[in-house]
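The values are calculated or read from the model by the stated rules, or taken from the named source; none is laboratory data. Since this is a predicted model, take the numbers as computed values, not measurements. Cβ placement follows ideal geometry from the backbone for every residue including glycine, while neighbour counts extend to all protein chains displayed. For accessibility, only protein heavy atoms count, side chains too; no ligands or nucleic acids. Shrake-Rupley method; radii C 1.70, N 1.55, O 1.52, S 1.80 Å.
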Amino acid sequence: MNQVLRAFIAIELPAEVQHKLSQIIQRLQGQLPNVPIRWVKAQNIHLTLKFLGEVSLNNLEAIKQVLVKEATGFSPFEFSIGELGAFPTLKHPRVIWLHVTSPSELFSLQRAIDLQTERLGYISEERRYSPHITIGRVNRHADAEDLNRIASVLQKTQTGLVEVVSVSTVTLFRSDLHPDGSVYTPLAIASLKKSNPEKR
Ligand code: ATP
Ligand code: MG
């Protein structure tokens, strides 16, 4: 039997950071009552590196090996989170997210993982990788008035620099979609290069 699961590779955020981001969600939620948006639950907030989609259980081991091998080639780095954005645009919001500002390491790490998982058959969309942290998705059935209200709140909300996050691991997650929200489960956690221990 060829069993499959839905999977993606991401950077996990510490619980304190998830909590802080969910405070921004609560603030927006308060300004947008009764607007059809599926806000991301605190424990689900993450930074996606590569969406794999349907993965055969037979391929899981090879994906984990790629992840471990690529991760060890990178030293830990930091990225910062702040200011709201939306796809396709802030004026026409469908996916609501927070900007990620990062050093080139994040892009190199993402590219390495993308390339090596493509070799296993997991081809990405053509679009250039644009790091972001999704916090909400506007329901397909939102009407023009809803969209205008969302756009106006997003455009007037300033978050400033929300958080600086240290990255030392990369995680392979399975994603189980449920009507009341997706459930993510870590399947493998790969460490970046261990920094040289300080001399004592
Ligand atoms: P739901 O789809 O029910 O809203 P979700 O988006 O949280 O749930 P998944 O669809 O499994 O769960 O997505 C897991 C991660 O991969 C999320 O960060 C999502 O934004 C990202 N993702 C999903 N589909 C794609 C895609 N086609 N291209 C790039 N990233 C994707
Ligand atoms: Mg999705």
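Which one of these is under 19 Å from the mean Cα position of the chain (by Cα), within 17 Å of Val165 (Cβ to Cβ), among the hydrophobic types (A, V, I, L, M, F, W, C) and part of a helix (DSSP H, G or I): Val100, Val17?
Val17
What tally of residues in the range 91-100 results from selecting those that are crowded, with 16+ Cβ neighbours inside 10 Å and touching a helix residue (DSSP H, G or I) at 6+ places or on another chain (Cβ under 9 Å)?
5
Which one of Thr159, Thr134 is touching a Phe, Trp or Tyr at 6+ places or on another chain (Cβ under 9 Å), open to solvent by less than 30 Å² (accessible area, probe 1.4 Å) and closer than 26 Å to Gly82 by Cα?
Working: Thr159 fails: touching a Phe, Trp or Tyr at 6+ places or on another chain (Cβ under 9 Å).
Residue meeting the stated conditions: Thr134.
Restricting to the range 68-90, name every residue that is open to solvent by 40 Å² or more (accessible area, probe 1.4 Å) and without any contact (Cβ under 8 Å) to a residue 60 or more places away in the chain.
Answer for the range 68-90, where residues must be open to solvent by 40 Å² or more (accessible area, probe 1.4 Å) and without any contact (Cβ under 8 Å) to a residue 60 or more places away in the chain: Lys69, Phe87, Pro88, Thr89.
Taking the conditions exactly as written (of a type outside the set (D, E, K, R), more than 22 Å from Ala42 (Cβ to Cβ) and within 16 Å of ligand 2 (Cβ to nearest atom)), does Ser124 satisfy them or not?
Judged against the criteria, Ser124 is a match.
Considering every residue within the range 119-131, establish whether at least one is free of Cβ contacts under 8 Å to residues at least 40 places away in the same chain and in a strand (DSSP E or B).
No, the range 119-131 has no match at all.
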